[in-house]
Amino acid sequence: MTREEIYSEVVQILADSFELDAASIKLDSTLYEDLDLDSIDAVDIFVQLRDLTGRRPDPEVAKQIRTVDELVTFVENEIAAAERGDPEPQPQMPPGAGT
Amino acid sequence: MTQTDFDVVICGGGLAGLSLALQLRQEQPVNGVDPILRVGVVERTARPLPPACHKVGESTVEMGAYYFDRMLGLGESLRERHLPKNGLRFFCGPGTEPLARRSEIGPVEFPIVPSYQIDRGRFETELRERCEDAGVTLLEGWTVDTIDLSDCDDTPHRVHLRHLCATGQSSATAPPDSSSSATWHTRWVVDASGRRRLLHKQLDLRRPSAQTASAAWFRVAERVRVDELVPQDEKPWHSRDIDGTRWLSTVHLMGPGYWVWLIPLADDFTSIGIVADAAHHDFREFNTEARARRWLATHEPALAERMDAVATEDFRVMHDFSYLTERAFSKHRWACVGEAALFADPLYSPGSDFLGLSNSIAARLILDDMRGALDEEIVNQLNDVLVRSGENFVEVVREAGVTFPHGSIFGAKTWWDFFHYWTFLAPYFIQGIYRLDAAEHRRFLELGSTYRALNSSAQRVLTAWATLKSSSPPRGSETPHAQPAGRPFIPLPMFPSILAERHVELAKPATPDEVYAKMVDDVELSHQFIQELVVHALSDLPPEHAAQFGQQSGLAAGDVRIDRDRFVVESQSRRTRLASTPRIGRDLERAVGRTRSGELPLLDRLDRALDTSQRATPTIEQPQSSGTLTHL
Ligand SMILES: Cc1cc2nc3c(=O)[nH]c(=O)nc-3n(C[C@H](O)[C@H](O)[C@H](O)COP(=O)(O)OP(=O)(O)OC[C@H]3O[C@@H](n4cnc5c(N)ncnc54)[C@H](O)[C@@H]3O)c2cc1C
């Protein structure tokens with residue numbers, strides 16, 4: 001997938017999930033200020049992006065992402081990692097899961 | 001011979017009978033019963049049991065898994081000799097659609113509270129050995145002919161047995177005398193004979209169930225995986241299965257009035273079954289192997305094609321399998337457990353839940369009696385819990401068939417059904433509430449009836465939504481993208497969400513007061529939840545169906561608690577809307593998606609449903625005669 005294609009996929013996901021006008025989403029839009037998303041939305045974006053990347057995201061990396069541009073780069077890196085067959089981060093257990 | 005040979009005789013050594021015998025021996029020291037409890041089990045079949053090709057009932061969910069794993073201490077064996085289960089996974093939509101186009105509802109990751117796919121032949125063989133090791137007298141190859149119940153407290157019941165075959169009988173399990181028949185005297189008698197329902201029939205305890213469905217199932221000596229039904233080039237579909245563990249789920253392929261299960265078993269066997277509602281499918285269309293294969297070719301062609309190359313190891317059918325019970329526990333020292341008490345439906349695999357619950361209640365009552373402390377009041381209360389839980393489960397499945405083809409409606413339904421299960425019955429069982437004495441237990445009984453009313457209400461809303469959806473043409477004006485057949489994937493449970501919290505909390509010990517307080521809070525959440533179902537249904541259905549929806553869902557009759565403000569904000573911007581949507585509503589929307597109500601604002605649809613449309617400008621402050629106004 002080219003960077004262009006990834007960008008348009010990401011825009012599509014954002015527009016569909018959060019009732020945004022696709023035209024208003026720019027590369028330099030910030031997720032939390034410009035697009036008015038919150039932390040729950042952020043979790044949901046990364047769940048949806050897994051369909052695109054085929055990998056479980058590293059939450060530490062995901063937390064740093066602030067702009068659409070960074071999101072596209074993140075997906076690009078994830079796809080590359082999946083192609084290289086890099087080991088995946090372990091599933092995140094929510095707090096309190098003690099089994 | 002002494003006056004009584006046994007304290008407890010269990011008729012039938014299947015999953016329920018064997019685990020009850022083990023449970024009685026294990027719980028006894030804790031309950032201070034002395035001397036050692038004498039437990040006898042009579043079972044028709046003798047070892048060796050065939051592995052894999054044995055019995056239906058392989059899939060466990062939280063309560064059943066907790067029962068075998070934590071309460072009976074069989075966790076190590078379950079993990080080593082059976083398969084860990086990756087939750088329940090549903091594929092909705094007509095089976096003639098490619099699988100990758102059908103909405104999938106299921107866990108994203110392996111569940112936190114574990115469950116298992118059990119190989120029944122292997123598991124029951126192990127349970128028989130464990131029972132013998134624990135000092136249970138297990139009589140194999142013998143059948144119970146009749147049971148003479150004693151009608152007074154000091155005389156034992158008499159269980160009449162007959163020898164079936166002489167083979168496979170070790171001396172350790174030899175009958176009381178060597179003749180071909182015997183009578184056992186016992187203080188307690190337990191019917192665990194499964195569908196044979198020995199005592200249950202004798203006492204005429206069966207109550208009809210409103211669920212009228214039948215089943216057929218194949219056992220095949222090969223792994224049939226759901227991902228084999230989807231072409232490799234469906235990349236996004238396959239990439240959802242990050243760890244390649246989707247096949248470890250109980251897979252449900254769902255269509256109008258039916259579902260088909262795929263359950264992986266150890267040793268590469270697979271169980272494949274059809275469950276179909278009589279209102280939609282004639283049993284005679286799938287009651288033989290050839291017909292069942294033809295039925296699959298019509299309704300689930302991709303699976304049928306995959307199965308063309310696969311030979312059947314065994315094939316069985318069960319006509320109209322659902323029944324309930326009048327009573328399962330008596331102060332006259334008898335009990336019915338497992339399928340000898342009731343079986344409502346296999347959807348969501350509750351068989352082992354009811355088994356664990358009925359066994360645990362029976363064990364409690366028997367041990368109470370052995371300490372001379374059997375309280376009639378608690379017998380009746382606990383009987384009520386089991387009987388009503390069965391009825392409640394029938395409510396869950398009775399009309400479910402109309403929701404199966406619709407991904408978002410069935411998605412909302414599973415979300416509700418799991419929420420309902422994880423907020424009442426599962427914590428009730430896992431936290432051991434059935435062990436309380438009558439005075440302390442009573443409040444849970446009352447709460448149970450509140451929960452059942454909420455469940456009926458939710459099911460009515462869902463059924464009305466699905467029935468009207470099935471009868472309305474797809475919305476023509478919208479592009480396929482704006483109006484997908486449903487979300488491609490609905491995570492269940494989804495993290496973070498209230499539902500996921502309830503799931504995680506199942507594994508955390510809590511005191512009865514804490515359990516009670518949480519359940520009371522969750523009644524409030526249940527009301528909010530049902531209102532959210534109404535929001536989704538009214539947004540989704542064409543406005544001309546709103547009035548009918550109001551009638552069929554119970555909304556017009558005032559059966560659903562409505563807060564009009566919630567319907568007002570639906571038309572506002574996302575930020576404003578989310579700020580005043582209850583958390584559970586946001587969870588549901590994140591999971592199943594949102595349908596915008598389009599031409600007619602949601603509040604107006606609500607008014608049509610409440611049948612108050614004659615009032616042009618309804619005032620928000622004014623309480624509705626047909627519903628309670630509550631601010632969430
Ligand atoms: C279509 C369908 C699908 C199901 N799927 C599931 C599922 O996925 N998960 C689940 O948990 N449950 C499922 N169940 C329910 C499952 O069958 C029960 O959970 C479980 O088998 C009940 O165990 P039991 O011990 O009560 O009965 P059984 O396992 O049937 O045991 C009864 C025992 O009694 C013995 N017996 C009978 N008569 C006599 C006699 N006269 N004397 C001596 N012994 C006798 C029999 O030999 C047998 O061993 C399903 C049921 C159906 C109908």
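Some points to look at:
- One residue stands out among those in the stretch B:63-105 that are within 13 Å of another protein chain (Cβ to nearest Cβ) and away from the ligand (no atom under 16 Å from the Cβ): the one that is farthest from the chain's Cα centre (by Cα), which is B:A100.
- Remark: pairs (first residue in the stretch A:81-99, over 11 Å from A:P59 (Cβ atoms); second residue in a helix (DSSP H, G or I) and at pLDDT 50 or above; Cβ separation under 8 Å; 6+ apart in sequence or on different chains) = A:A82/A:T53; A:P94/B:A500; A:P94/B:V504; A:G96/B:V504; A:G96/B:E505; A:A97/B:V504.
- B:I274 vs. criteria modelled with pLDDT under 95 and in a strand (DSSP E or B): no
- In the stretch B:195-227, the residues that are part of a helix (DSSP H, G or I), surrounded by fewer than 21 Cβ atoms within 10 Å (Cβ to Cβ) and in contact with a Phe, Trp or Tyr (Cβ under 9 Å, 6 or more places away or on another chain): B:R195, B:D227
- Evaluation of B:N392 against (1) buried (at least 23 other Cβ atoms within 10 Å of the Cβ); (2) within 14 Å of the chain's Cα centre (by Cα); (3) at negative phi (one fails), failing number: (1)
- Selected residue (criterion: farthest from the chain's Cα centre (by Cα)) from residues of the stretch B:334-347 that are closer than 20 Å to B:V317 by Cα and more than 9 Å from the ligand (Cβ to nearest atom): B:L342
- Count - residues of the stretch B:439-469 that are under 13 Å from B:E395 (Cα atoms) and of a type outside the set (S, T, N, Q): 8
- Listed by position, the helices (runs of 4 or more DSSP H) enclosed by the stretch B:522-620 that each have at least 2 residues that are among the β-branched types (V, I, T) are B:564-569, B:583-592.
- For the stretch A:39-66, filtered to residues that are outside any helix (DSSP H, G or I) and touching a Lys or Arg at 6+ places or on another chain (Cβ under 9 Å), the residue that is farthest from the other protein chains (Cβ to nearest Cβ) is A:P57.
- Residue identified as under 30 Å from A:D21 (Cβ atoms), surrounded by 14 or more Cβ atoms within 10 Å (Cβ to Cβ) and modelled with pLDDT of 95 or more among B:V535, B:V515, B:V461: B:V535
- Screening A:E9 against (1) away from chain B (no Cβ under 11 Å); (2) modelled with pLDDT of 90 or more leaves a single unmet condition, (1).
- Count of the stretch B:233-256 residues which are outside any loop (DSSP other than H, G, I, E, B) and more than 14 Å from every other protein chain (Cβ to nearest Cβ): 8
- Note on the stretch A:18-34: residues that are within 12 Å of another protein chain (Cβ to nearest Cβ), surrounded by fewer than 18 Cβ atoms within 10 Å (Cβ to Cβ) and either under 21 Å from A:E78 (Cα atoms) or aliphatic (A, V, I, L, M) (or both) total 1.
- Residues that are under 28 Å from B:S471 (Cα atoms) and hydroxyl-bearing (S, T, Y) do not occur anywhere in the stretch B:381-401.
- Within the stretch B:306-332, the residues that satisfy the criterion of being in a loop (DSSP other than H, G, I, E, B) and either under 23 Å from the mean Cα position of the chain (by Cα) or surrounded by 23 or more Cβ atoms within 10 Å (Cβ to Cβ) (or both) are B:H319, B:D320, B:F321, B:S322, B:E326, B:R327, B:A328.
- Checking B:F91 against (1) crowded, with 23+ Cβ neighbours inside 10 Å; (2) closer than 17 Å to B:T245 by Cα; (3) modelled with pLDDT under 95, the condition it does not meet: (3)
- Test: B:T298 is more than 10 Å from the ligand (Cβ to nearest atom), within 24 Å of B:E58 (Cα to Cα) and of a type in the set (S, T, N, Q): no
The values are calculated or read from the model by the stated rules, or taken from the named source; none is laboratory data. Quick caveat: nothing in here was measured; it's all calculated off a predicted structure. We place every Cβ from the backbone using ideal geometry, glycine too, and count neighbours over all the protein chains shown.
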